[in-house]
Amino acid sequence: MRTLRVLLAIIALVGAGCEAPVTTSELVMDDFSYRPTTINLPADTEGFELTLTNKGTVPHDFTVDGLPDDILVDLAVFEGASLPYPLPALPAGEYEVYCALEGHREAGMEATLRVS
Ligand SMILES: [Cu+2]
């Protein structure tokens, strides 16, 4: 009986892992990349905080492309800084994220934002 309970608990945990992707709570900026490169956020959630941490040696930026015209997501973060960014409610979809500072996107500062 005990074995069965443990087995059922394991199955429940594995099942939970197959559901919605884990929400990303922190985006790390390096010279010149983002970690992770896929950011998962909840849709239509006002004020969800994504912590932006710049571990690089120069300022970086977090810009989301392709959002509706009335929604702007763009924030610069100085080197060494880490700050929570309260996001506006975002519609479900997949968007491009990049660093808008000159040459940084080309150098590899790109990611995908999945809102679901
Ligand atoms: Cu940058």
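The values are calculated or read from the model by the stated rules, or taken from the named source; none is laboratory data. The shown structure was predicted, so the numbers you read here are calculated from the model rather than taken from an experiment. Glycine gets a Cβ as well: all are built from the backbone with ideal geometry, and neighbour counts include every protein chain shown. Just so you know, the surface numbers come from the protein's heavy atoms only, side chains and all, with ligands and any DNA or RNA stripped out. Shrake-Rupley method; radii C 1.70, N 1.55, O 1.52, S 1.80 Å.
Counting only other residues whose beta carbon sits under 10 Å from that of Met29, what net charge do I get with K and R as +1, D and E as -1?
Net local charge, Met29 excluded: -2.
When DSSP beta bridges are limited to those with both residues in the stretch 22-115, what percentage is antiparallel, rounded to the nearest 5?
Of all bridge pairs located within the stretch 22-115, approximately 70 percent are antiparallel.
Read phi for every residue in the stretch 92-105 and hand back ³J(HN,Hα) as whole Hz from Karplus 6.51 cos²θ - 1.76 cosθ + 1.60, θ = phi - 60°, with x for Gly and Pro.
4, x, 10, 10, 8, 10, 7, 8, 7, 6, 3, x, 6, 4
Once you keep just the Cα pairs under 8 angstrom separated by 6 or more residues, what percentage relative contact order results for the stretch 24-104?
35
So, for the stretch 22-115, what is the accessible surface per residue at a probe of 1.4 Å, expressed in square angstrom?
Accessible area per residue: 52 Å².
Ratio to report: Rg/Rh of the stretch 22-115, with Cα atoms as the point set and Rh obtained by the Kirkwood method; give two decimals.
0.93
Among 80-92, 100-112, how do they line up by average Cβ neighbours within 10 Å per residue, starting with the highest?
Order by mean packing, descending: 100-112, 80-92.
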